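S.K.: Structure incoming, see below.
The values are calculated or read from the model by the stated rules, or taken from the named source; none is laboratory data. Since we're looking at a predicted model, the values are computed, not measured. Counting neighbours? That spans all protein chains shown, and the Cβs are built from the backbone with ideal geometry, glycine included. With ligands, DNA and RNA removed, areas are computed over all heavy atoms of the protein, side chains included. Shrake-Rupley method; radii C 1.70, N 1.55, O 1.52, S 1.80 Å.
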Amino acid sequence: TRYTRARSLLVFRNGKLVAEAYPNDPDDIDAIDNIQSATKSITSILTGIAIHEQLIDSTGEKLYDIYPEDFDTDLEKRSITIDDALTMRTGLKYDNGTHTLELYQNEGNSVQYILSLDRIYPSGTVMNYNDGAPHLISRVIEKKAGMSESEYAKTHLFDPLNIKDWKWEAAKDGTTFGAFSLFLKPRDFGKLGQLLLQQGQWQGEILVDPAYLARATSTLVSAHQGGQPYGYYFWILPA
């Protein structure tokens, strides 16, 4: 079993940072680091912001209606909705052990690469945890907002939260990785958790659609491995 040592521990209470520890290096307090698959949750938050900004009408929108040019000739794939992608139920045969590295190294259209994979389930049926589905949502935000997901995050999430020092990697075609490779400082990562606790409000302003957040953080599907409850890129843990 591989264990990854935590670089930071922060405790927030009543909206305030009350304790923090950096066991490996005190300088980690000001260091950005890859939050790995927690990036998926940020993609979910940004989807809620796009809904609040009325860029996305509903999670029932079909991906084909947003970027038809990226689909292949399999007509069944055209039924995949935003909701299907947010719940990892695209039906596509995406395996993180094989396809994430290929996605990272892909020289062409990264979304076309994902959508070219075999369809093994009808969309909206089987939850398969993977890095491909959030990348499809990143392209949704890109198309709807007219800018990359990382640019949208800067304007509508990071700047309002005064998050200045960050990095978010993109595929070679410029589409932000929706599933991984967002780098944040520990305290700034904590701000995002506090935003969730405040139902999407920050300093009296609604940033994220609260109805969307309530749905995103509720049990919508069960993971096909182990049956763990899952929302829109949030694992739902017992209270």
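S.K.: Provide, in order from the shortest bin, the percent of all Cα-Cα pairs of region 1-84 in each 10 Å bin, continuing until the bin that contains the maximum pair distance.
M.R.: 13, 26, 25, 19, 16, 2
S.K.: Kindly identify region 168-232 as rounded, prolate or oblate by the Cα gyration tensor criterion: order the square roots of the eigenvalues as a ≥ b ≥ c, call it rounded if a/c is under 1.5, otherwise compare a/b with b/c, prolate if a/b is larger, else oblate.
M.R.: Oblate.
S.K.: Take every Cα pair under 8 Å in the chain that's 6+ residues apart, average their separations, divide by the length, and report that relative contact order as a whole percent.
M.R.: For the chain, the relative contact order is 25 percent.
S.K.: Taking the Cα centre as origin and putting +1 on Lys and Arg beta-carbons and -1 on Asp and Glu beta-carbons, what dipole magnitude results for the chain, to the nearest 20 debye?
M.R.: Dipole magnitude for the chain comes out near 720 debye.
S.K.: Which of the chymotrypsin sites (Phe, Trp or Tyr not before Pro) across region 1-91 are loop residues per DSSP, with 14 or fewer other Cβ within 10 Å?
M.R.: Listed in order of number, the matching sites are 3.
S.K.: Counting trypsin sites (Lys or Arg not before Pro) as exposed when in a DSSP loop with at most 10 other beta carbons within 10 Å, what is the longest stretch of the chain free of them?
M.R.: Segment 6-163 is the longest.
S.K.: Using a Förster distance of 22 angstrom, determine the FRET efficiency expected from the C-beta separation of residue 202 and residue 228, and round it to 0.05.
M.R.: My answer for the efficiency is 0.15.
S.K.: Would you check the accessible area of residue 218, probe 1.4 Å, heavy atoms only, in square angstrom rounded to 10?
M.R.: Probe radius 1.4 Å; accessible area of residue 218 about 40 Å².
S.K.: Still on this structure, please answer the following. Which GluC sites (Glu not before Pro) from region 146-239 combine a DSSP loop assignment with at most 14 other Cβ atoms within 10 Å?
M.R.: 169
S.K.: Could you give the angle, 0 to 90 degrees to the nearest 10, between helix 96-105's Cα long axis and the longest principal axis of the Cα atoms of the chain?
M.R.: For helix 96-105, the angle is close to 90 degrees.
S.K.: Do any GluC sites (Glu not before Pro) in region 25-113 lie in a loop, going by DSSP, with at most 13 other beta-carbon atoms within 10 Å of their beta carbon, and if so which?
M.R.: Counting only loop positions with at most 13 other Cβ atoms within 10 Å, the GluC sites (Glu not before Pro) in region 25-113 are 107.
S.K.: Expressed in nm to one decimal, what extension gain is obtained for the pair residue 187 and residue 125 from 0.36 nm per residue of sequence separation less their Cα-Cα distance?
M.R.: 18.5 nm
S.K.: Here is a follow-up. Taking springs between alpha-carbon atoms closer than 10 angstrom, which of 90, 59, 155 fluctuates most in the Gaussian network model of the chain?
M.R.: 155
S.K.: What is the spread of the Cα atoms of region 55-136 along each of their three principal axes, largest first, in whole Å?
M.R.: On the principal axes, region 55-136 reaches 33, 25, 25 Å in Cα extent.
S.K.: In degrees, nearest 10, range 0 to 90: what is the angle between the Cα axis of helix 39-52 and the longest Cα principal axis of the chain?
M.R.: Approximately 80 degrees, to the nearest ten.
S.K.: Please compute the Cα-Cα pair-distance distribution of region 1-148 with 10 Å bins starting at 0, giving whole percents from short to long.
M.R.: P(r) over region 1-148, rounded to whole percents: 10, 34, 28, 19, 9, 1.
S.K.: Here's another thing I want to ask about it. Can you pull the percent of Cα pairs in region 130-174 with separation above 13 Å?
M.R.: 59 percent
S.K.: With unit charges on the beta carbon (Lys/Arg positive, Asp/Glu negative), name the residue among 39, 56, 26 whose Cα is farthest towards the positive pole of the charge dipole of region 22-72.
M.R.: Result: 56.
S.K.: Percent relative contact order of region 24-156, based on C-alpha pairs within less than 8 angstrom and at least six residues apart?
M.R.: 28 percent
S.K.: Another question about this same structure. At R0 = 25 Å, how high is the FRET efficiency between residue 165 and residue 14 if r is their beta carbon distance? Nearest 0.05 is fine.
M.R.: It comes to 0.45.
S.K.: If you take the beta carbon distance between residue 21 and residue 219 as r and set R0 to 30 Å, what does 1/(1 + (r/R0)^6) give as a FRET efficiency, to the nearest 0.05?
M.R.: Efficiency computed from Cβ-Cβ geometry: 0.40.
S.K.: Based on the alpha carbon coordinates of region 2-47, what radius of gyration and maximum Cα-Cα distance (Dmax) apply, in Å?
M.R.: 13.0, 35
S.K.: Along the Cα→Cβ direction, 7 angstrom out, place labels at residue 105 and residue 32. What is the inter-label distance in nm?
M.R.: Here the modelled spin labels are 2.6 nm apart.
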